[in-house]
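Below is one structure. I have some questions about it.
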Amino acid sequence: MFHEDEEVSGRSIELTDENPELTTALVEAARDIINKVYANYAKPALENRDRIRSILEIKRFSGSLEQGSKIVIAVDSTWSKPVLEIVSGVFGVVASGYVVVGPSGTSSYEICRVVSLVGNSEKHINTAIEISAKIMEYDAAAKALDKHSYADMVMLDGSLYFSTRPSFFKPAREVHGDPLENVSNIDELISISSAMLLKLFNKADKAHVPVVGVVKRVSSTFIASYIERSDPELANRLRKLNDKVMLSYVLEPGEYIVISSYLDIFKEHLNIMKRFSKALKHRRIQAILDTIEMCVSEEAGEELKKLCNAMKETAIIFYKPPSDMVYPQAIRLDVYPKSRIDEIVKYVMLNTSQNAVPIPIDYADRFIRLESTSIKRLYSLILNYGIKEKSNALIALGLTNPQKSYLFML
């Protein structure tokens with residue numbers, strides 16, 4: 001029997017049939033990963049932390065601790081991962097929807113759309129899925145604003161801009177009917193996505209509602225490009241660090257920084273990246289820069305001017321909330337228009353979950369998801385209907401790698 005003041009500790013080891021040689025190898029792999037991550041990412045940020053802080057215009061949130069009563073439309077999409085490999089190629093499914101979140105929690109929600117994509121190339125389908133998901137998010141947000149005109153803010157899961165392809169800067173002049181119907185060309189999909197984003201911005205402007213992109217998977221290195229203005233040598237040291245990992249070490253809880261124009265930092269960043277790029281990537285970057293330069297020329301179309309103006313009016317914010325998080329890290333927001341920065345900062349500082357995202361996005365992520373059981377159910381329906389209708393498509397629908405079905409089937 002334990003006494004009440006006695007300290008208790010213990011350890012439980014689960015016995016399995018796992019190959020002990022594999023376990024030993026995994027231990028070595030774990031140590032190797034830790035060492036490489038520290039040397040390549042943590043160490044450069046920590047060693048240069050004071051210099052970075054002296055260059056960045058870091059602000060501290062000092063607002064009221066009262067949470068307020070904002071009503072937020074949070075939009076998300078999710079898709080089947082990995083895509084399903086069948087004899088004829090691959091297929092994937094995308095779902096999009098939104099939740100309306102107020103001070104007392106979720107008041108309304110809707111799955112707006114489910115789209116399936118079929119093709120021969122996994123790489124092509126994965127790209128098409130990602131772009132289709134953005135189109136569906138923009139469309140869901142616009143429809144949600146129509147239904148919930150009382151909302152104070154729209155949040156989307158992900159960056160507002162899909163700006164790494166030249167075709168993004170050629171918004172489709174008109175989008176008739178279903179924007180995803182019978183469109184297989186990737187550049188055409190990207191062109192439609194920027195047109196749908198402009199449509200969302202137009203609706204949000206009329207409703208006087210800001211649009212916020214919550215970027216969880218941050219690969220950008222805008223901060224290094226920003227630092228290059230003052231300290232090129234330091235910028236070169238930090239070039240391999242994405243913005244999120246760098247600022248997760250640099251910012252203290254309750255601090256944030258603002259990059260006032262997405263367009264300006266993006267243009268600056270591209271000019272720097274061009275110096276380090278090989279021929280193919282160099283040409284793609286130059287094509288985007290040439291298009292951006294057209295923004296202010298008479299040759300630019302109305303849609304391009306609107307897109308460039310929107311990007312110029314979009315601020316990028318990185319912040320660390322004052323509350324504790326499971327994984328302490330900086331969070332990136334794309335905020336349109338930038339005139340609404342103060343109210344957005346106040347809201348997210350007081351309404352960020354322990355999962356390192358604003359609470360409405362946490363709700364949306366939990367509600368709008370495609371789990372492995374959903375893909376299993378979809379594939380079962382395909383087989384059942386195919387057998388019932390004696391479809392000749394059944395052979396083409398067979399799993400091309402049945403032994404890997406554990407990836408999506410439980």
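The values are calculated or read from the model by the stated rules, or taken from the named source; none is laboratory data. What you see is a predicted model; the values in this text were computed from it and never measured. Here the Cβ is made from the backbone with ideal geometry for all residues, glycine too, and neighbour counts use every protein chain on show. We work out accessible area using only protein heavy atoms, side chains counted, and drop any ligands, DNA or RNA first. Shrake-Rupley method; radii C 1.70, N 1.55, O 1.52, S 1.80 Å.
Give me the pairs, please: first residue somewhere in the range 163-175 and open to solvent by less than 70 Å² (accessible area, probe 1.4 Å), second residue anywhere and assigned to a loop (DSSP other than H, G, I, E, B), beta-carbon distance under 8 Å, and either six or more positions apart or on two chains.
Phe168/Tyr161; Phe168/Phe162; Phe169/Ser163
Look through Asn35, Asn48 and report the one residue that is open to solvent by 10 Å² or more (accessible area, probe 1.4 Å) and over 26 Å from Leu156 (Cα atoms).
Residue meeting the stated conditions: Asn35.
Has the range 100-117 got at least one residue that is surrounded by 17 or more Cβ atoms within 10 Å (Cβ to Cβ), in contact with a His (Cβ under 6 Å, 6 or more places away or on another chain) and within 29 Å of Val348 (Cα to Cα)?
Scanning the range 100-117, I find at least one residue that is surrounded by 17 or more Cβ atoms within 10 Å (Cβ to Cβ), in contact with a His (Cβ under 6 Å, 6 or more places away or on another chain) and within 29 Å of Val348 (Cα to Cα), so the answer is yes.
Modelled with pLDDT of 90 or more and open to solvent by 10 Å² or more (accessible area, probe 1.4 Å), is that true of Asn185?
Here the answer is no, as Asn185 does not meet what is asked.
Right, here's the next one. If you check Asp50 against the conditions, is it closer than 18 Å to Leu241 by Cα and either modelled with pLDDT of 80 or more or in a helix (DSSP H, G or I) (or both)?
Yes.
Considering only the range 236-263, how many residues are open to solvent by 50 Å² or more (accessible area, probe 1.4 Å), modelled with pLDDT of 95 or more and within 28 Å of Cys308 (Cβ to Cβ)?
0
Listed residues Ser339, Ser353; which is within 20 Å of Leu200 (Cα to Cα), surrounded by fewer than 19 Cβ atoms within 10 Å (Cβ to Cβ), out of contact with any Phe, Trp or Tyr (no Cβ under 6 Å at 6 or more places or on another chain) and among the hydroxyl-bearing types (Ser, Thr, Tyr)?
Ser339
Next question, about the same structure. Can you tell me which residue in the range 282-332 is nearest to the chain's Cα centre (by Cα), limited to those that are β-branched (Val, Ile, Thr) and open to solvent by 70 Å² or more (accessible area, probe 1.4 Å)? Lay out the reasoning, then the answer.
Narrowing the range 282-332 to residues β-branched (Val, Ile, Thr): 285, 288, 291-292, 296, 314, 316-317, 326, 331.
The next check asks that each one be open to solvent by 70 Å² or more (accessible area, probe 1.4 Å); those that pass are 296, 326.
Details: Val296: 29, Val326: 19 Å.
By that ranking, first place goes to Val326.
For the structure I just gave you, tell me whether Ser159 is in a loop (DSSP other than H, G, I, E, B), of a type in the set (Gly, Ala, Ser) and at pLDDT 85 or above.
Details: in a loop (DSSP other than H, G, I, E, B): yes; of a type in the set (Gly, Ala, Ser): yes; at pLDDT 85 or above: yes.
Yes, satisfied.
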